[in-house]
Amino acid sequence: MSRHYPGLAPIDAYGRGGFGFAGMSHRGALLVLPSGIHAWSPDPAALTVADFTLVLAEAAAIDLVILGMGQAMARPPQAVRAALAAAGLQHDAMATGHAVATYNLLLGEKRRVAAALLPVHHAP
């Protein structure tokens with residue numbers, strides 16, 4: 001069973017390999033979905049479509065997926081981009097810091113947004 005926070009919350013902090021949200025902290029990557037915030041354990045150097053199974057399962061409730069790719073902007077592999085597009089999901093890849101800010105803004109606007117966030121290991 002994966003760890004999961006059953007609600008939506010802004011991401012309050014990131015850096016040092018983790019994230020802060022809802023008065024809690026988490027080390028490692030996160031999937032932020034309509035069903036809540038989930039611990040995520042992808043290989044950041046080799047993302048696969050399987051890493052996005054939860055995102056694809058909730059695609060009907062999501063309009064945009066923000067991809068926080070770590071310290072710097074990077075594009076996810078073509079197979080991941082194609083799977084998201086085939087599910088009708090728009091996606092935008094950026095550095096994790098920008099992804100956190102974008103996610104929080106869109107969440108505040110009550111948009112149907114999800115985020116897949118890889119951690120960064122510096123203090124923002």
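Points to keep in mind about this one:
- Whole-number percent relative contact order across the range 18-124, with pairs defined as alpha carbons under 8 Å at least 6 apart: 34 percent
- Of the beta bridges in the chain, as assigned by DSSP with both residues counted there, near 65 percent are antiparallel.
- Along the range 86-99 the Karplus relation, 6.51 cos²θ - 1.76 cosθ + 1.60 evaluated at θ = phi - 60°, assigns HN-Hα couplings of 5, 7, x, 9, 6, 9, 9, 9, 7, 4, 4, x, 5, 5 Hz to successive residues, with x for each Gly and Pro.
- Ranked order, Leu56, Leu47 - accessible area, probe 1.4 Å, largest first: Leu56, Leu47
- Rg ratio for the range 34-91: its Cα radius of gyration over 2.2 N^0.38 Å, N being its residue count, equals 1.07.
- The Kirkwood radius of the range 16-124, taken over pairs of alpha-carbon atoms, gives through the Stokes-Einstein law at 4 °C and 1.567 mPa s a diffusion coefficient of 94 µm² s⁻¹.
The values are calculated or read from the model by the stated rules, or taken from the named source; none is laboratory data. All figures in this text were calculated on a predicted structure; none of them were measured in a lab. These accessible areas exclude ligands, DNA and RNA; they are computed on the full protein's heavy atoms, side chains included. Shrake-Rupley method; radii C 1.70, N 1.55, O 1.52, S 1.80 Å.
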